[in-house]
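The values are calculated or read from the model by the stated rules, or taken from the named source; none is laboratory data. From a predicted model like this one, the values you see are computed outputs, not experimental measurements. Reconstructed Cβ throughout: ideal geometry from the backbone, glycine too, with neighbour counts over all protein chains shown. In case anyone asks, the SASA skips ligands and DNA or RNA and just uses the protein heavy atoms, side chains included. Shrake-Rupley method; radii C 1.70, N 1.55, O 1.52, S 1.80 Å.
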Amino acid sequence: MEEKFHPDVIIVGNGLAGLTAAMEITNIGKKVLLLDQETEQNIGGQAFWSFGGLFLVNSPQQRRLGIKDSYELALQDWKGTAGFDRKEDYWPRKWAEAYLKFAAYEKYSYISKLGIKLMFMVGWAERGDGSATGHGNSVPRFHVSWGTGTGVVKPFVDKAYEAQEKGLLQMKFRHRVTKLIMENDKIKGVKGEILENDDKERGAATNRNILSTFEYRAAHTIVASGGIGANHELVRKNWPERLGKAPENMICGVPAYVDGKMIGITENSGAHIINPDRMWHYTEGIQNWNPIWPKHGIRILPGPSSLWFDAKGNRFPAPFLPGFDTLGTLKHIQNTGFSYSWFILTQKIIKKEFALSGSEQNPDITNKDYALFLKRIFGKKAPGPVEAFKDHGKDFIVSDDLRDLVKRMNELSGDHLLNYEKIKEQIEARDRELDHKFSKDTQVNYIRNTRNYIGDQLGRVAAPHKILDPKNGPLIAVRLNILTRKTLGGIKTNLNGQVLREDDTVIEGLYAAGEAAGFGGGGMHGYRALEGTFLGGCLFSGMKAGQYIAGLKKEYDS
């Protein structure tokens, strides 16, 4: 660090939470040193790779689509989803309530001033467990940024470079923090290792060759280093019994740098880590045929029409339907003794209902290409990346004949557990339910109901049709893997982002934001998430920590 640059704040992690905090602090003229173990190509962190979904309540987009939403309804949904039931949930509850007020009254204005634009259609993620007071979104709240995750990250990256030009911010890449400096019970800075530079593309695993060490000091240090999703050893260590046995085989939805090590380093300085067993992993993961990072997996964002079968060929019961209850379905899968499952669907369904999570999998939205986006809605084929997975993906099987499809499914799994007659009988039974305008099949009824929402009818849910009718084909089977993604627990903080000890006393000079803090308080989502709340959680917790430090008098910093 140059001799003249004396930072007021050190931020560990240049993802969305760290960049938001840096923006808030430099906006009032305080100086920030931003450290990250990765290369400059990776600025923006994991958020860059996201679909760009943002949870908002009573937004202009919702109102234009006739969606009646409110803070009270969102709070009802959040409480039923989170299931807060622990003594440690005091601060997570406070954070959840504060975040919902932000999502209902401030968030739209906050992101709009930064130039983040939202698409006109609002998605309906995590549709729930079928009860009004239980898990799930009562109404659509999933707002996709025009530009996906890249569109969310860009304003904050631009602000960082602007602050750098003004001499208010310095970024040190390939700087891996290994220790927090504590003196007189206060955090005074950080120590760590400088890693050799690497020219690999964004997201690819970089080297860990150590060149030298460093030590930097400041009055405030913010830990915004992300979660544990790429550290499968830590995932398995923290895996809760309530979700069944930890999967032997998992694919990875995040780059290798999401290793969770900084959470342990913060704990070594006295921070209270709470709810480490709460995590958010997806059940609809597919192996990337064109991987960027190790074990690279992509999540299918499914509409509700695909038929879902376990490894033995049993159709999933409600509410374990596509897009309804992520963790309930995860437990259901793990209880079968196998960590994979199957979708069986038609070309009509894949065209209308399959989206792939990730900025790189949605070139129309990421690149703000209106013509390509209209082709997604009205074209004869699924979006290009989906068709590419259908053609090249290891987990995809396409056939005009169900017997051949089941045969190849058995060959792909190697377990040979599927019986053609059993699969055929279940699909035929479902298809017969379409001979009437009424049905006892929950999935069929829900498909009909959800198409009352114009957003689903236009771009998300295929018209009900018979799976085995050849005119709807070809038939498609997709093997689904468990995909690691989010850490819901983490470093306990108060509403200023200050890190707390087990007895709730503040560790002076230390803050946490983003996924490392369970997106606020050590787990504001509780046991489950409503989706679109991860990027928003990074924004909100980074903003809160940044604004608190920005508001402190300089005398405090000396």
With all protein chains present and a 1.4 Å probe, the order of Ser145, Ser112 from largest accessible area down is Ser112, Ser145
Taking R0 as 22 Å and r as the Cβ-Cβ distance between Ser109 and Tyr71, the FRET efficiency 1/(1 + (r/R0)^6), rounded to the nearest 0.05, comes to 0.90
Listed by chain and number, the residues whose amide H is under 5 Å from that of Leu169, excluding neighbours fewer than 5 places away on the same chain and using placed H, are Val32, Gln164
Taking Cα atoms only, helix 533-551 is inclined relative to the longest principal axis of the chain by an angle, in degrees rounded to 10, of 10 degrees
For region 63-172, the percent of all C-alpha pairs falling in each 10 Å bin, from 0 up to the bin holding the max distance, is 12, 32, 31, 18, 6, 0
For Lys407, counting only aspartates and glutamates whose alpha-carbon sits under 19 Å away and dropping same-chain residues fewer than eight positions off, the answer is Asp310, Asp391, Asp395, Asp415, Glu421, Glu425, Glu428
Computed over region 182-301, the relative contact order (Cα-Cα under 8 Å, seq sep at least six) in percent reads 24 percent
With DSSP loop assignment and no more than 12 other C-beta atoms within 10 Å, the chymotrypsin sites (Phe, Trp or Tyr not before Pro) in region 393-485 are Phe438
Length gained, Glu421-Asn367, 0.36 nm per residue minus C-alpha separation, equals 14.9 nm
Residue separation between Glu162 and Asn335 times 0.36 nm, minus their alpha-carbon distance, gives in nm 57.1 nm
Regression test value, accessible area per residue of the chain, probe 1.4 Å, units Å², expected 39 Å²
Percent relative contact order for region 7-148, counting Cα pairs under 8 Å at least six residues apart, stands at 27 percent
Computed from the beta carbon distance with a Förster radius of 51 Å, FRET efficiency for Lys172 and Asn449 to the nearest 0.05 stands at 0.45
Across the alpha-carbon set of region 396-442, Rg over Rh with Rh taken as the Kirkwood radius works out to 1.10
Ordering Ser306, Ser439 by the accessible surface of their heavy atoms, 1.4 Å probe, largest first, yields Ser439, Ser306
If one compares the long axis through the Cα atoms of helix 16-26 with the longest principal axis of the Cα atoms of the chain, the angle in degrees, nearest 10, works out at 30 degrees
Candidate cut points under GluC sites (Glu not before Pro) in region 343-447, DSSP loop plus at most 12 other Cβ atoms within 10 Å of their own Cβ, are none
With label points set 7 Å from each Cα along the Cα-to-Cβ direction at Asn314 and Asp185, the distance between them in nm comes to 5.6 nm
Out of Gln347, Asn452, Thr150 - ranked by how far each Cα lies towards the positive end of the dipole of the chain, with unit charges on the beta-carbon of charged residues - the top one is Asn452
Each label sits 7 Å from Cα toward the beta-carbon; between His436 and Asp400 the label points are separated, in nm, by 3.4 nm
Rounded to the nearest 10 degrees, the helix 148-165 long axis (Cα) sits at an angle to the longest Cα principal axis of the chain of 10 degrees
Toy charge model, Lys and Arg Cβ at +1, Asp and Glu Cβ at -1: region 47-155 dipole around Cα centroid in debye, rounded to 20, equals 400 debye
For Cα extents along the principal axes in Å, with candidates (i) 87, 63, 42; (ii) 60, 56, 50; (iii) 76, 48, 48, the value calculated from the shown model is option (iii)
For Trp308, the accessible surface traced by a 1.4 Å probe with all protein chains present amounts, in square angstrom to the nearest 10, to 10 Å²
Expressed in square angstrom to the nearest 10, the accessible area of Glu162 with a 1.4 Å probe stands at 90 Å²
Between the residues Ile181, Gln170, Ala205, the Cα farthest towards the positive end of the dipole of region 163-208, that dipole coming from +1 and -1 charges on the beta-carbon of Lys, Arg, Asp and Glu, is from Ile181
Of the accessible area of region 78-139, computed with a 1.4 Å probe and all protein chains kept, carbon and sulfur make up a percent value of 52 percent
Taking every other residue with Cβ under 12 Å from the Cβ of Lys471 and scoring Lys and Arg +1, Asp and Glu -1, one gets 0
Length-normalised contact order of region 494-552, Cα under 8 Å, at least 6 apart, in percent, tallies to 36 percent
Quotient of Cα radius of gyration and Kirkwood radius for region 515-555, i.e. Rg/Rh, equals 1.11
Flagged as over-length at 25 Å C-alpha distance, from Lys117/Lys390; Lys348/Lys422; Lys440/Lys466; Lys312/Lys390; Lys295/Lys424, the pairs are Lys117/Lys390; Lys295/Lys424
For region 245-322 (alpha-carbon point model, no solvent) the Debye-based log₁₀ I(q)/I(0) at q = 0.14, 0.20 Å⁻¹ works out to -0.70, -1.07
Per the C-alpha gyration tensor (a ≥ b ≥ c, the square roots of its eigenvalues), region 249-383 is rounded if a/c is under 1.5, else prolate if a/b beats b/c, else oblate; here it's oblate
Between Phe5 and Glu97, the FRET efficiency computed from the C-beta separation at R0 = 45 Å comes out, to the nearest 0.05, as 0.70
Here the Kirkwood hydrodynamic radius of region 1-115, Cα-based and in Å, equals 17.1 Å
